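Here is the structure we will look at.
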Amino acid sequence: MGVDVRARLGSPRVEPGWTLVGIRVAYWVGTALALLWLPLRQGIAPFHAYEARTDLLFNTFAQWDAQWFVHIADHGYDSKQATSFFPLYPLVVHGVSLVVRSTVVAGVLVSLVAAGVAAVLIVEIARPLLGPGGARDMVLFVALYPLAFVFTAVQSDALFLALSAGAFLAALRGRGWLAGILGALSVATRLVGLALLPALLLLLWPRRGRDLVRPAPLLLLPAALGGYMLYLHEHVGDALAFQHAQQVFWLRRTPSLGPLGGLWESIQSGRRGAAELILHLPRGQGAPAGYVAREQVATWNALHLLVLLAAIALTWVAWKRLGAAFGVYSVATLALVLLSPPAYFPLASFPRYLLADFPVFLALAALLRDHPRARQIVLFTFAAIGAVAAVGYSRKVWIG
């Protein structure tokens, strides 16, 4: 039995999982060492693992949303602001914490295991489309993506990626019930899981009379959202508390033109940000006080617009080269993200949300498969920016 388990763990089928996990653990440990080299003096995460060294390691990325997830896993939804964070991930973390006796440790372990599973699943999706080499490249692009430090943080991104990729793969193989269940779990993890619905419907659309009921399990996706809304109605007296929390606490609102309005605001904010940096950036790095918030927000808006434009271009590539279902999922993901932009920073968190849009990474691997020099440039760029981003985030600098 032991030999069989070791053989399975070392099989080529799970190798992508070990590749991604190995890369992210290396970044994780390196970032923890950076916190020893230049220690934090404020904003230190308050959570505990087991002793001094594990406190350092597991709190490395315990910033921003991670603190909300730990709180929800420990105390449940004790405020309306917390309802912005959907329940499946903190529920799983709570269950694992009963075994490992630390919520922050449980959260990181759930993310890391889910990231490894996600790597295996996206390779299963990619291999028939891109071949073994293209599938390996896709794993590297995801593993080295500058925001992939969330795979070793108490964040729901890895679990969502694993569930959404699993639902998509099940639909590709015609397994409607499995696609519906995994899709519903995706929605229970993040609202953007609803982006799966049109793509899964396209993949499971009946082609013969006897297949008419094949898409029926996809009703589980809106049912999962309905279940959370029912819980919120009973628990806090507001079925739409998650939406109202986004509006009140994170200043998100829906433009009159919906995602098109969000796109227009993103373009305008990015354009103004670029103009600010080109025309009005103060000399001497703004000495003696440094750059003010205006320059910082201008940089965010300009750079995030570039990421959005790249994502739109890759979405088109995914549609043309990989098939309509991949394009539809990517379009729906972008549309949901653009549906509720904050006024001051329309693309807040957009690069992190992009991690869930695996057709974009498939398209990138497809584009660069026959261009080895460009492939190397992208990988090295991702790796270098990712190191800076990881260290910055660990020091409570807003990244992505």
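The values are calculated or read from the model by the stated rules, or taken from the named source; none is laboratory data. These numbers were taken from a predicted model, which means no experiment stands behind them. Neighbour counts run over all protein chains shown; Cβ positions are idealised from the backbone, glycine included. Surface areas here come from the heavy atoms of the whole protein model, side chains and all, with no ligands, DNA or RNA. Shrake-Rupley method; radii C 1.70, N 1.55, O 1.52, S 1.80 Å.
Taking a point 7 Å out from the Cα of Asp238 in the direction of its Cβ, the residues of the range 73-99 whose backbone N falls within less than 18 Å of it are 76-87.
Across the range 260-267, coupling constants 3J(HN,Hα) worked out from phi with the 6.51/-1.76/1.60 Karplus curve, θ = phi - 60°, read 5, x, x, 5, 4, 5, 5, 5 Hz, and Gly and Pro carry x. Result for the chain in a Gaussian network model with C-alpha springs under 10 Å: among Gln376, Gln42, Gln247, the largest mean-square fluctuation is at Gln42.
Put simply, when 25-32, 331-338 are sorted by average Cβ atoms within 10 angstrom per residue, most first, you get 331-338, 25-32.
In the elastic network of the chain, a GNM with C-alpha springs shorter than 10 Å, the most mobile of Gly183, Gly43, Gly270 is Gly43. Using the Cβ-Cβ distance between Leu309 and Ser256 with R0 set to 22 Å, the FRET efficiency from 1/(1 + (r/R0)^6) comes to roughly 0.40. Rounded to the nearest 20 debye, the dipole size of the range 46-124 about its Cα centre is 40 debye, using +1 on the Cβ of Lys and Arg and -1 on the Cβ of Asp and Glu. With all protein chains kept in place, the per residue accessible area of the chain amounts to 47 square angstrom at a probe of 1.4 angstrom. Normalised by the number of residues in the range 268-378, the mean separation of alpha-carbon contacts (under 8 Å, six or more apart) gives a relative contact order of 25 percent. Evaluating 6.51 cos²θ - 1.76 cosθ + 1.60 at θ = phi - 60° for every residue in the range 293-298, the Karplus couplings come out as 4, 4, 5, 5, 5, 4 Hz, glycine and proline recorded as x. What residue among Leu281, Leu203, Leu140 shows peak mean-square fluctuation when the chain is described by a Gaussian network model with Cα springs under 10 Å? For the chain, modelled as a Gaussian network with Cα springs under 10 Å, the answer is Leu281.
Protection proxy ranking of 306-313, 368-375, by the mean of other Cβ atoms within 10 Å over each peptide's residues and highest first, is 306-313, 368-375.
A Förster radius of 25 Å, combined with the Cβ-Cβ distance separating Leu38 from Ala384, puts the computed FRET efficiency at roughly 0.85.
Amide H contacts of Asn59: none lie under 5 Å away among residues 5 or more positions distant or on a separate chain (H built 1.01 Å from N in the peptide plane; Pro and chain starts excluded). Take the Cα of Leu91, go 7 Å toward its beta carbon, and the backbone nitrogen atoms of the range 136-172 under 16 Å from that spot belong to 156, 159-160, 163-164.
Packing around the peptides 59-67, 45-53, taken as the average count of other Cβ atoms within 10 Å per residue, puts them in this order, highest first: 59-67, 45-53.
Remark on Arg252: its backbone amide H falls under 5 Å from those of Gln247, a criterion applied only to residues 5 or more positions apart or on other chains, H modelled at 1.01 Å from N.
Here the Karplus curve 6.51 cos²θ - 1.76 cosθ + 1.60, taken at θ = phi - 60°, turns the phi angles of the range 320-329 into couplings of 6, 9, 9, x, 4, 4, 5, x, 5, 4 Hz, with x standing for Gly and Pro. May I ask you to give the percent of accessible area on the range 347-391 that is carbon plus sulfur, with a probe radius of 1.4 Å? Whole-percent figure for carbon plus sulfur exposure: 68.
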